[in-house]
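What follows is one structure encoded as structure tokens, with my remarks underneath.
The values are calculated or read from the model by the stated rules, or taken from the named source; none is laboratory data. Worth saying up front: this structure is predicted, and the values here are computed from it rather than measured. Counting neighbours? That spans all protein chains shown, and the Cβs are built from the backbone with ideal geometry, glycine included. In case anyone asks, the SASA skips ligands and DNA or RNA and just uses the protein heavy atoms, side chains included. Shrake-Rupley method; radii C 1.70, N 1.55, O 1.52, S 1.80 Å.
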Amino acid sequence: MTAKLTWLSHACVLFETEKAKIIVDPFLTGNPLAAANSKDIKVDYIFVSHGHADHVGDTVEIAKNTGAVVVANPEISGWLQIQGVEKIQHLQIGGAVEFPWGKAKMTYATHSSSLPDGSYGGNPSGFIFYIEGKRIYHACDTGLFNDMKLIGDEGIDIALLPIGDAYTMGIDDSIKAINFIEPKKAVPIHYDTFDLIKQDPITWKEKVLKYTDVEPLLIKPGDSIII
Ligand code: NI
Ligand code: MN
């Protein structure tokens with residue numbers, strides 16, 4: 001069995017397996033690069049990495065439209081429940097939960113996490129998804145940190161890494177991250193959405209080829225890869 005990963009731009013990723021559809025950080029409304037409309041998103045699970053508006057995005061609307069389970073830390077979960085989200089699954093850094101479609105583990109991220117109205121959003125995070133025998137690390141918003149080596153110890157097949165700089169790692173630190181994690185393939189995310197995070201992904205690809213042994217996978221918003 002195979003599963004599909006579709007990058008909908010920014011940090012928003014859609015996984016489609018035979019058992020479930022899972023979306024991460026569904027920032028679509030107000031996102032100039034969004035490759036889907038939030039009204040058309042039909043998912044079973046929504047993962048939220050941290051409280052910032054470009055990650056919480058359309059979570060409330062999609063959860064209400066679809067009845068999806070939202071997976072987030074307790075602080076974000078509580079805030080979403082106040083907004084009317086009914087199905088919640090807590091996850092906290094270092095913890096993992098088994099789902100009918102696989103497993104997800106919440107990982108450390110070095111960033112911040114206030115919610116759109118200024119509420120406390122707990123700690124920011126990333127995720128490792130275990131789907132159909134593959135391990136996908138979604139770093140979400142983070143700077144480079146040395147413990148990415150521990151994430152690499154899990155044996156990562158695909159790493160989704162921010163390269164936009166300003167709010168997260170830029171290209172050069174993402175190269176260091178790739179060498180810490182040593183995934184089979186790396187996909188750049190969280191760039192070009194706003195002027196402040198414009199990047200040249202070709203430069204990123206060239207540096208991955210020059211300085212790492214990892215395969216760079218450059219995809220456009222809306223493109224899918226089989227995992
Ligand atoms: Ni952020
Ligand atoms: Mn962000």
Report summary line: When residue 197 is run through (1) open to solvent by less than 70 Å² (accessible area, probe 1.4 Å); (2) in contact with a Lys or Arg (Cβ under 6 Å, 6 or more places away or on another chain); (3) not small (Gly, Ala, Ser), the failure sits at (2)
Query raised in the report: From the list 96, 68, which residue is in contact with a strand residue (DSSP E or B) (Cβ under 6 Å, 6 or more places away or on another chain) and surrounded by fewer than 18 Cβ atoms within 10 Å (Cβ to Cβ)?
Result: 96
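For (1) of a type outside the set (Ser, Thr, Tyr); (2) at pLDDT 95 or above; (3) closer than 29 Å to residue 165 by Cα, each residue gets a yes or a no:
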| residue | (1), (2), (3) |
| --- | --- |
| 63 | yes, yes, no |
| 75 | yes, yes, yes |
| 80 | yes, yes, yes |
| 88 | yes, yes, no |
| 105 | yes, yes, yes |
| 108 | no, yes, yes |
| 111 | yes, yes, yes |
| 121 | yes, yes, yes |
| 135 | yes, yes, yes |
**Report entry** Residue pairs meeting the criteria (Cβ under 8 Å; at least 6 apart or on separate chains; first among the charged types (D, E, K, R), in region 41-67; second near ligand 2 (Cβ under 10 Å from one of its atoms) and outside any strand (DSSP E or B))
**Finding:** 54/10; 54/11; 54/25; 54/27; 54/193; 58/27
**Report entry** So residue 174, is it open to solvent by 10 Å² or more (accessible area, probe 1.4 Å), at negative phi and either within 16 Å of ligand 2 (Cβ to nearest atom) or free of Cβ contacts under 8 Å to residues at least 12 places away in the same chain (or both)
**Finding:** no
**Report entry** Residue satisfying all of: in region 38-65; buried (at least 24 other Cβ atoms within 10 Å of the Cβ) and hydroxyl-bearing (Ser, Thr, Tyr); nearest to ligand 1 (Cβ to nearest atom) among these
**Finding:** 49
Report task. Please work out if residue 168 is at pLDDT 95 or above, in a loop (DSSP other than H, G, I, E, B) and surrounded by fewer than 20 Cβ atoms within 10 Å (Cβ to Cβ). Result -> no
Query raised in the report: Does at least one position in region 202-225 carry a residue that is over 30 Å from residue 1 (Cβ atoms), assigned to a helix (DSSP H, G or I) and within 18 Å of the chain's Cα centre (by Cα)?
Result: no
Report task. Return only the number of the condition from (1) within 17 Å of residue 201 (Cα to Cα); (2) without any contact (Cβ under 8 Å) to a residue 12 or more places away in the chain that residue 153 does not satisfy. Result -> (1)
Report summary line: If we ask which residues in region 112-148 are open to solvent by 10 Å² or more (accessible area, probe 1.4 Å) and more than 16 Å from ligand 1 (Cβ to nearest atom), their number turns out to be 7
Query raised in the report: Which ones in region 9-27 are within 16 Å of ligand 2 (Cβ to nearest atom), assigned to a loop (DSSP other than H, G, I, E, B) and open to solvent by less than 10 Å² (accessible area, probe 1.4 Å)?
Result: 9, 10, 11, 12, 25, 26
